[in-house]
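Working notes for the structure below.
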Amino acid sequence: REELMAWCEQNRVDYVFGLARNERLETKIAPALEEASRASRASGQAARVFRDFMWSTKDSWSRRRRVIAKAERTTLGANPRFIVTSLKP
């Protein structure tokens, strides 16, 4: 994925790629997940909170990139999702 993102950046091609969740990412959005949990408990329905932040992997990315997180709580539990993108906010 690094090679593809770097090519896009060098050639001014915007991208949006799904990003596998992991413990580090989930820890980063823990407050947003808790906010979604509170909203879900209050409404009895699924709730979503979105956050964006700059992120880098421990060793596979050459630089920091923008990640958008969806902190979602459904009736089945937490359902966080992540994308990495070159798009500006």
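The values are calculated or read from the model by the stated rules, or taken from the named source; none is laboratory data. As the structure is a computational prediction, the values presented were derived from the model and not from experiment. Quick reminder, even Gly has a Cβ in these numbers, built from the backbone with ideal geometry, and neighbours come from all protein chains shown. Surface areas here come from the heavy atoms of the whole protein model, side chains and all, with no ligands, DNA or RNA. Shrake-Rupley method; radii C 1.70, N 1.55, O 1.52, S 1.80 Å.
So the values come out like this:
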{"read-out": "Failed item, numbered, when THR75 is tested on (1) open to solvent by less than 50 Å² (accessible area, probe 1.4 Å); (2) among the polar types (S, T, N, Q); (3) in contact with a Ser or Thr (Cβ under 9 Å, 6 or more places away or on another chain)", "value": "(1)"}
{"read-out": "All positions within the range 15-31 that are loosely packed, with under 11 Cβ neighbours inside 10 Å and acidic (Asp, Glu)", "value": "GLU23"}
{"read-out": "VAL49 touching a helix residue (DSSP H, G or I) at 6+ places or on another chain (Cβ under 6 Å) and among the aliphatic types (A, V, I, L, M)", "value": "yes"}
{"read-out": "Matching residues in the range 34-54 - criterion: being open to solvent by less than 30 Å² (accessible area, probe 1.4 Å) and touching a residue at least 24 places away in the same chain (Cβ under 8 Å)", "value": "ALA36, SER37, SER40, ALA47, PHE53"}
